[in-house]
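Read through the structure below, which is laid out as structure tokens, and then see the notes.
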Amino acid sequence: MTTQKIWQLLEQVCDPEVPVLTIVDLGVVREVNINPSNHKKEKEQVEVIITPTYSGCPAMNVIEMDIKATLAQNGYPNHKVTTVLSPAWTTDWMSENGRQKLKAYGIAPPEKGTVDKNALFQDDKQVQCPLCDSTNTKMTSQFGSTACKSLYKCLDCLEPFDYFKCH
């Protein structure tokens, strides 16, 4: 049993809200530990430490169940999932591969190293259209298909698209 093997298995667990992303792409998986068992007959325990994308994210229960099912189906019956809230998840934890998958899927990926401050300064955020790459876009709703996305419209190709919010 190696942590590398567990990480490879977790690469198969998809986000239920954006199924093109894995939980590793999202940066939701913080750590994998292999702990000694308290019982001689049991195998070592796999612990997967996760952080939700935001408090109250409805997908986290499904993600936890999918992690447990994936581990059990692959011969790791002694496992637990631990949720850690601090430090809070940030879109900076998302992998570059995940950002590219989002764009190919039609969702504008979050910018690295920024927090959306337009609510404070009333500046329009320049979000690149994932379809035509134009930055001539406009937010039409603070909330898109899920609470972690905003709805935008490209003013050049006229297509609507989701933007994965920075936090």
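Side notes on the structure shown:
- Meets criteria (over 25 Å from P160 (Cα atoms), in contact with a Lys or Arg (Cβ under 8 Å, 6 or more places away or on another chain) and outside the structural domain of P130 (by TED's automatic domain parsing)) for T51: yes
- Looking only at residues in segment 46-77 that are polar (S, T, N, Q) and at pLDDT below 90, the one that is nearest to Q12 (Cα to Cα) is T53.
- Of all residues in segment 70-83, those being surrounded by 13 or more Cβ atoms within 10 Å (Cβ to Cβ), in a loop (DSSP other than H, G, I, E, B) and without any contact (Cβ under 8 Å) to a residue 60 or more places away in the chain number 2.
- Test: residue in segment 33-47 that is surrounded by fewer than 18 Cβ atoms within 10 Å (Cβ to Cβ), within 18 Å of the chain's Cα centre (by Cα) and not in a loop (DSSP other than H, G, I, E, B): no
- Subset of segment 13-34 (residues that are free of Cβ contacts under 8 Å to residues at least 24 places away in the same chain and in contact with a Leu (Cβ under 6 Å, 6 or more places away or on another chain)): V29
The values are calculated or read from the model by the stated rules, or taken from the named source; none is laboratory data. Since we're looking at a predicted model, the values are computed, not measured. FYI the Cβ positions are ideal-geometry reconstructions off the backbone, even for glycines, and counts take in every protein chain you see.
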